[in-house]
Amino acid sequence: MALPACSLRTALLVLLSLGLTLVLGLLLPEALKLLFTFLGFPCDNASHAIVLVYFMFILFVAMPSLPRGTVPDTSGEGAQELESFHCNRMKVLQLNVCIEQEVAQAVETVKKNLKEPDKGLWGLVNNAGISTFGEVEFTSLDTYKEIAEVNLWGTIRVTKAFLPLVRQGKGRVVCMASMLGRMGNPSRSSYCVSKYGVEAFSDCLRQEMYRWGVKVITIEPGNFVAATGIFTKEGVERRGQVMWEQASETLRNHYGKVHFSHQVARMKAFVSSGVKDMSPVINVITDALSSKYPYTRYNPMDTYLWIKLQIMSHLPAAIADRIYI
C-alpha cells in the first residue's frame, strides 16, 4: 500500500532531521565553543546553544502543520447570509494588471460592491502570472521586461491600488510567488527574476504592514505546469524558433544547434510534468485568507521539490549546484 504524501513527507523530514543531528552533533559543538571563547562567554553554554539551534530547526522546518484556527466566518450570520446569496455575490471583472486605468477601475468597482465600505476589503490575491524559457544569452531584454511587467510590476501595481482598502479592513494580501523565487534554474532566468522580485516586495510589505494589522502571505508553488497550462508544446516550439532566429550568428555558432534543440526538447518534456491537481494551491490560498494565524510562506509542492528547495536555499551554493545542476 502506497504511503500518503503527507506521511512520506513526514518520514523524509524525520530522516533529514536525524541526518542533520548527526552532522551538527559532530561539527557544531566545536564551532560553538570556538565562537563562545572568541566572544568571551563560558564554553559550558555551548551545549545550551546546540539545543536551541536544534529546537529552532524542529519548530520552523520539521514540525508538521498545527491547527491555527480560522477566522470566525463559518457559523456566523455573515456566512449564512453569504450562502443565501449563492453566486450572486460573485462579480467577474476583466483586468489587465499592466494597465493603470483598468486597475483603478477595478478598485472603484470593488468599492461600489462592498456591502460595508467602512470595513474595507478583507483579502487581495495577486495571482496573475506568465512564464517563458530561454538561456540568458538567448533571452532579449524585452522578454525580461514582458515577464516582469505582469509577474512583478502587476503585483506591485494592484497591491498599491487596493492596499488602502485592505488596511482599512485589517485584511490579507496574498502574493503568488514560486519556488523559483527562492532558487535559480537554468533557462528560466526571466521568470526567476520576476518571482525573486515578488518575494522581496512581499517581505518588505509584510514588515511595513505589521503596524496596521495586515497580514502579507507569500505562496511558493512547486511544479504545477501540467495543471495550469502555462506552457504548451506548441508554444515552446514557437518560442524556440523565435529565439534561434533572433540570435546572432556568433551566438548560434558558440552554442550550436544541437545544444539549443536539446534545451527546447527538455522544455517540451517539462510541459506535461508536475502535479496535475491544483487543489494544493487552492487549499493554501484558502488557509492564507481564512486562518487566524496564517503562515508567512506556503510551499504547495511534492516532497522531492520541497527537499530540493531546502537544499538549494540553505546549503552553500557550490554544494547545492553540484547536487542539482
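The values are calculated or read from the model by the stated rules, or taken from the named source; none is laboratory data. None of these values were measured; they are calculated from a predicted model. Note that each Cβ is placed from the backbone with ideal geometry, even for glycine, and that neighbours are counted across all protein chains shown. Just so you know, the surface numbers come from the protein's heavy atoms only, side chains and all, with ligands and any DNA or RNA stripped out. Shrake-Rupley method; radii C 1.70, N 1.55, O 1.52, S 1.80 Å.
Miscellaneous remarks
- Accessible surface calculations at 1.4 Å, restricted to protein heavy atoms, place segment 129-169 at 45 Å² per residue.
- Per-residue SASA entry for residue 287, accessible area with 1.4 Å probe, Å² rounded to 10: 40
- Reach of residue 160 by Cα under 28 Å, taken over lysines that are not fewer than 8 positions away in the same chain: 91, 111, 112, 115, 119, 145, 170, 195, 215, 292
- Using a simple spin-label model with pseudo-atoms 7 Å out from Cα toward Cβ, residue 311 and residue 325 lie 1.5 nm apart.
- Two-decimal log10 I(q)/I(0) for segment 149-290, as the Debye equation yields it once each C-alpha is a single scatterer, q = 0.09, 0.11, 0.18, 0.19 Å⁻¹: -0.38, -0.54, -1.08, -1.16
- Residue 153 sits with roughly 130 Å² accessible to a 1.4 Å probe, with DNA, RNA and ligands left out of the calculation.
- The candidates 137, 249, 220, 149, arranged from most to least accessible area with a 1.4 Å probe in the full protein assembly, appear as 249, 137, 149, 220.
- For segment 157-221, the normalised intensity computed at q = 0.18, 0.19 Å⁻¹ comes to -0.64, -0.70 (log10 of I(q)/I(0), Debye sum over alpha carbons, equal scatterers, no solvent).
- Fraction of alpha-carbon pairs over 16 Å apart in segment 227-310 - percent: 67
- Portion, in percent, of the accessible area of segment 127-201 that falls on carbon or sulfur, probe 1.4 Å: 59
- Accessible-area value, residue 276, 1.4 Å probe, nucleic acids and ligands omitted, Å²: 150
- Based on the Stokes-Einstein relation at 4 °C and a viscosity of 1.567 mPa s, and on the Kirkwood radius from alpha carbon pairs, segment 103-228 is assigned a translational diffusion coefficient of 84 µm²/s.
- Over the Cα atoms of segment 93-133, the radius of gyration divided by the Kirkwood radius equals 1.07; this is the Rg/Rh ratio.
- Added length on full extension, which subtracts the Cα-Cα distance from 0.36 nm per residue, residue 212 to residue 96: 38.9 nm
- Relative contact order (%) - segment 113-265, alpha-carbon pairs under 8 angstrom, separation at least six: 26
- Rolling a 1.4 Å probe over the heavy atoms of the protein chains gives segment 199-257 an accessible area of 56 Å² per residue.
- Phi angles of segment 147-161 translate, via the Karplus equation with coefficients 6.51, -1.76, 1.60 and θ = phi - 60°, into HN-Hα couplings of 5, 5, 4, 7, 5, 9, 5, x, 4, 5, 4, 5, 4, 4, 5 Hz per residue; Gly and Pro are given as x.
- Here the Karplus relation 6.51 cos²θ - 1.76 cosθ + 1.60, evaluated at θ = phi - 60°, turns the backbone of segment 203-219 into coupling constants of 4, 5, 5, 4, 5, 6, 8, 3, 5, 9, x, 9, 9, 10, 10, 10, 9 Hz, with x for every Gly and Pro.
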